[in-house]
Amino acid sequence: MPIRCLTIDVEEYYHIEAAHGRVQRDDWPRWPSRVEVGMDRLLELLDRLGRRATFFFLGHVAQQHPHLAKRCAAAGHEVASHGSMHDRLHRLNPASFREDLLASKHLLEDQTGQAVVGYRAPTWSITRQTAWALDVLAEAGFRYDASIFPVRHPWYGVPDAPYQPFRAQSAPGRPAVLELPPLVWRVAGRSWPAAGGGYFRLLPLGLMRRGLMQAQREGRPAILYFHPWEFDPDLPRLPLGVLGCLRTYSGLGRSLSRLERLLRLPGTWQPLVHHLDSFEAMAQQTGDWPLQPGDAAGLR
């Protein structure tokens with residue numbers, strides 16, 4: 001069976017990067033919470049199909065809805081960390097990131113009674129500029145990270161990063177963390193996004209299927225990602241620009257049926273933590289991969 005894993009970044013629609021600077025943090029309470037709408041639909045679908053997933057919870061959501069993480073854990077899903085306040089790591093430093101990271105980890109562990117061993121940065125924001133975050137994750141005892149997207153994008157991405165599990169370092173000689181990149185489709189020597197998000201809602205589903213088939217042929221895992229708000233056609237309208245509205249609101253009405261079609265494909269469809277031994281073995285073949293050359297101390 002091909003290793004196929006569903007991951008969900010549990011955040012509100014107003015947490016998205018496109019809303020940064022347009023919806024102030026102090027205004028968050030004025031926007032109605034919709035996270036449970038999408039979560040209800042996702043959990044029902046997963047239960048009906050017998051699939052299990054990894055849910056990267058934002059600490060702010062866990063504080064506002066303390067039963068949600070416990071509900072996911074009780075249903076057999078993995079609960080992992082998405083940080084506390086959805087700050088891209090470019091707006092943090094090692095000290096503030098450590099505080100943000102550990103606050104979410106401890107909160108989720110208190111709510112679920114289970115160890116939190118995985119992390120995903122908001123907006124895929126572990127890049128060359130924020131390579132120091134890998135040192136913090138290693139020091140905090142996380143077993144894996146899922147934050148490095150091996151593509152070109154204006155907000156994120158490390159285009160030359162490996163596209164199967166690897167051991168990521170901030171620099172040579174620094175501690176290594178198991179890195180689990182999302183699915184890409186390799187065409188003409190370049191990696192194209194095929195893992196979810198806006199690409200899933202805006203582009204033909206056949207493109208994602210090609211990525212899934214290619215990963216199966218090459219024996220690498222297919223890690224997909226989504227957000228609860230992507231399955232809520234009745235989202236309130238944020239004051240976004242034209243491009244932001246296109247990326248955020250397009251395809252919401254058909255996304256749940258599309259996801260069901262994907263989840264019915266053959267695959268393991270188990271949480272990331274379920275496959276860590278296999279991922280570690282794959283990473284041993286790739287070897288340690290530094291984001292930055294030289295001494296990591298210079299990145300601080």
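Quickly run through region 28-38 and pick out the residues that are farther than 14 Å from HIS86 by Cα and either at pLDDT below 95 or surrounded by 14 or more Cβ atoms within 10 Å (Cβ to Cβ) (or both).
TRP31, SER33, ARG34, VAL35, GLU36, VAL37, GLY38
Out of the residues in region 180-203 meeting the condition of being open to solvent by 10 Å² or more (accessible area, probe 1.4 Å) and aliphatic (A, V, I, L, M), tell me which one is modelled with the lowest pLDDT.
Top of the filtered list is ALA188.
Any idea which of VAL151, VAL116 is over 30 Å from LEU246 (Cα atoms), open to solvent by less than 20 Å² (accessible area, probe 1.4 Å), part of a loop (DSSP other than H, G, I, E, B) and not basic (Lys, Arg)?
None of the others qualify; the one that does is VAL116.
Select from region 121-148 the residues that are in contact with a Pro (Cβ under 7 Å, 6 or more places away or on another chain) and not in a loop (DSSP other than H, G, I, E, B) and write down the one among them that is surrounded by the fewest Cβ atoms within 10 Å (Cβ to Cβ).
ALA138
Considering only residues that are touching a Lys or Arg at 6+ places or on another chain (Cβ under 9 Å) and without any contact (Cβ under 8 Å) to a residue 60 or more places away in the chain, look in region 94-113 and name the one that is surrounded by the most Cβ atoms within 10 Å (Cβ to Cβ).
Filtering first and then ranking leaves GLN111.
Would you say TYR163 is open to solvent by 50 Å² or more (accessible area, probe 1.4 Å), in contact (Cβ under 8 Å) with a residue 40 or more places away in the chain and under 18 Å from LEU212 (Cβ atoms)?
yes
Name the residue, out of GLN284, GLN292, that is open to solvent by 20 Å² or more (accessible area, probe 1.4 Å) and in a loop (DSSP other than H, G, I, E, B).
Just a single option satisfies the conditions, and that option is GLN292.
May I ask you to say which residue of ARG22, ARG51 is at pLDDT below 95 and not in a strand (DSSP E or B)?
Answer to the selection: ARG22.
Can you confirm whether VAL177 is open to solvent by less than 10 Å² (accessible area, probe 1.4 Å), among the β-branched types (Val, Ile, Thr), closer than 20 Å to VAL273 by Cβ and under 18 Å from the mean Cα position of the chain (by Cα)?
yes
If a residue has to be out of contact with any Asp or Glu (no Cβ under 8 Å at 6 or more places or on another chain) and surrounded by 18 or more Cβ atoms within 10 Å (Cβ to Cβ) to count, how many in region 259-275 make the cut?
So the count comes out to 7.
Of ARG71, ARG98, which residue is within 19 Å of TRP229 (Cβ to Cβ), among the basic types (Lys, Arg), modelled with pLDDT of 95 or more and out of contact with any Gly (no Cβ under 9 Å at 6 or more places or on another chain)?
ARG71
Can you find, within region 50-64, the residue that is nearest to ALA146 (Cα to Cα) among those that are in contact with a strand residue (DSSP E or B) (Cβ under 7 Å, 6 or more places away or on another chain) and among the hydrophobic types (A, V, I, L, M, F, W, C)?
Within region 50-64, the match that is nearest to ALA146 (Cα to Cα) is PHE56.
Here is a yes/no grid of residues against (1) in contact with a strand residue (DSSP E or B) (Cβ under 7 Å, 6 or more places away or on another chain); (2) closer than 26 Å to ARG237 by Cβ; (3) of a type in the set (Phe, Trp, Tyr):
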{"position": "PRO66", "(1), (2), (3)": "no, no, no"}
{"position": "GLY76", "(1), (2), (3)": "no, no, no"}
{"position": "VAL79", "(1), (2), (3)": "yes, no, no"}
{"position": "HIS82", "(1), (2), (3)": "yes, yes, no"}
{"position": "ASP87", "(1), (2), (3)": "no, yes, no"}
{"position": "GLU109", "(1), (2), (3)": "no, no, no"}
{"position": "THR112", "(1), (2), (3)": "yes, no, no"}
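What single numbered condition from (1) touching a Pro at 6+ places or on another chain (Cβ under 8 Å); (2) closer than 22 Å to THR127 by Cβ; (3) of a type in the set (Gly, Ala, Ser) fails to hold for GLY253?
Of (1) touching a Pro at 6+ places or on another chain (Cβ under 8 Å); (2) closer than 22 Å to THR127 by Cβ; (3) of a type in the set (Gly, Ala, Ser), only one is false for GLY253: (2).
Please indicate, with yes or no, whether at least one residue in region 193-214 is in a strand (DSSP E or B) and either touching a residue at least 12 places away in the same chain (Cβ under 8 Å) or closer than 29 Å to HIS65 by Cβ (or both).
yes
The values are calculated or read from the model by the stated rules, or taken from the named source; none is laboratory data. Since we're looking at a predicted model, the values are computed, not measured. For neighbour counting, all protein chains shown are included, and Cβ atoms are generated from backbone atoms with ideal geometry for every residue, glycine included. For the accessible areas, the whole protein counts, side chains as well, though only heavy atoms, and no ligand, DNA or RNA atoms are used. Shrake-Rupley method; radii C 1.70, N 1.55, O 1.52, S 1.80 Å.
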